[in-house]
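The values are calculated or read from the model by the stated rules, or taken from the named source; none is laboratory data. Keep in mind it's a predicted model, so treat the numbers as computed, not measured. Heads up, the Cβs are rebuilt from the backbone with ideal geometry, glycines too, and the neighbour counts pull from every protein chain shown.
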Amino acid sequence: MTAQIINGTLLSQQIRADVTQRAKTLTAKGKQPGLAVILVGENPASQVYVRNKVKACEDCGFYSVLENYDATLTESALLAHIDRLNHDPKIHGILVQLPLPSHIDANKVIEAIAAEKDVDGFHISNAGLLMTGQPLFRPCTPYGVMKMLESINYPVRGANAVVVGASNIVGKPQAMLLLQAGATVTICNSKTRDLAAHTRNADILVVATGKRNIVTADMVKPGAAVIDVGMNRDDEGKLCGDVDYLPTKEVAGYITPVPGGVGPMTITMLLVNTIEAAERN
Ligand code: GUN
């Protein structure tokens, strides 16, 4: 069996076309959607991510600002910038790119963002709303994964879903979204004993660890939907995920490639969250 590839680039294009239309409608009413992206320091990967986010906004007709501060920016100065953006009527979404330099408390910064502008969905009140089944913003990467499953009409209800990775950004919110969609969910973490015993039971396997080849073909149930959130470099410096892609493709029923899978969907769902924030405003 060769898996059907879930093309995140194509799905993104379809969703972004709808977002562009909605942005046009809002702009015509004098309410152009606006996103502010804050980057502190010069982490090269973060620089690429934020540039892609701002470019995607521009492509969809959003107003967007990138505020790039020196790594020495103090926590209180960052909090003051967030407060200014919280009160800026042109800004409907605020994103502070993580990780932050170690002298800044990321939790404090996330809690300073107005919950109704927290398009990442990381604010503690948005995490609570998600957990209680009333999400205001779904975190972008897990939201994108759900859209990918929806695009193949995957029957999530009753399925065994295994999430490998338990971060606040991906693993935990992913588990919540799958649970709400009716899956039986297992969250594996770096201490999990016999990871393969869990992954082999998965109808839906979401892998978000940042560890190349943590999932190999022998760990996958034949026919499973394998969603690879990883972003790593192989020995030749080429982008690759957490899943050993080519052999796993011969076992899985569905698989997402890296690049061209979850990556573009993360940015697309940021656009969706931002347009929703603007529409609510
Ligand atoms: N760093 C890695 N992923 C993300 C994300 O989705 N949002 C933010 N703000 N930072 C990140």
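Just a yes or no: is a residue in the range 15-27 surrounded by 14 or more Cβ atoms within 10 Å (Cβ to Cβ), away from the ligand (no atom under 13 Å from the Cβ), among the basic types (K, R) and not in a loop (DSSP other than H, G, I, E, B)? There is at least one residue in the range 15-27 that is surrounded by 14 or more Cβ atoms within 10 Å (Cβ to Cβ), away from the ligand (no atom under 13 Å from the Cβ), among the basic types (K, R) and not in a loop (DSSP other than H, G, I, E, B).
Could you please find all residues in the range 73-106 being under 19 Å from T266 (Cβ atoms) and either of a type in the set (D, E) or within 15 Å of the ligand (Cβ to nearest atom) (or both)? Those that are under 19 Å from T266 (Cβ atoms) and either of a type in the set (D, E) or within 15 Å of the ligand (Cβ to nearest atom) (or both): G93, I94, L95, V96, Q97, L98, P99, L100, A106. Quick one: in the range 143-171, which of the residues that are among the small types (G, A, S) and more than 16 Å from the ligand (Cβ to nearest atom) is farthest from G182 (Cα to Cα)? Applying the filter and picking the extreme gives S151.
Within the range 28-53, if we keep just the residues that are within 19 Å of the chain's Cα centre (by Cα) and surrounded by fewer than 17 Cβ atoms within 10 Å (Cβ to Cβ), the residue that is farthest from L149 (Cα to Cα) turns out to be P44. Can you say whether G223 is under 17 Å from R138 (Cα atoms) and surrounded by fewer than 24 Cβ atoms within 10 Å (Cβ to Cβ), as far as the supplied structure shows? Answer is no for this residue.
Of all the residues that make up the range 107-125, how many are within 11 Å of the ligand (Cβ to nearest atom), closer than 18 Å to C140 by Cα and outside any loop (DSSP other than H, G, I, E, B)? Talk me through it step by step, then tell me what you get.
So the first thing to find is which residues in the range 107-125 are within 11 Å of the ligand (Cβ to nearest atom), and the list is 109-110, 113, 118-122.
Those left that are additionally closer than 18 Å to C140 by Cα: 110, 113, 118-122.
Those still in the list that are outside any loop (DSSP other than H, G, I, E, B) too: 110.
Qualifying residue count, the range 107-125: 1.
Within the range 117-136, residues that are farther than 20 Å from I82 by Cβ have Cβ atoms under 8 Å from residues that are at pLDDT 95 or above and charged (D, E, K, R) in these pairs: L130/R138, counting only partners at least 6 apart in sequence or on another chain.
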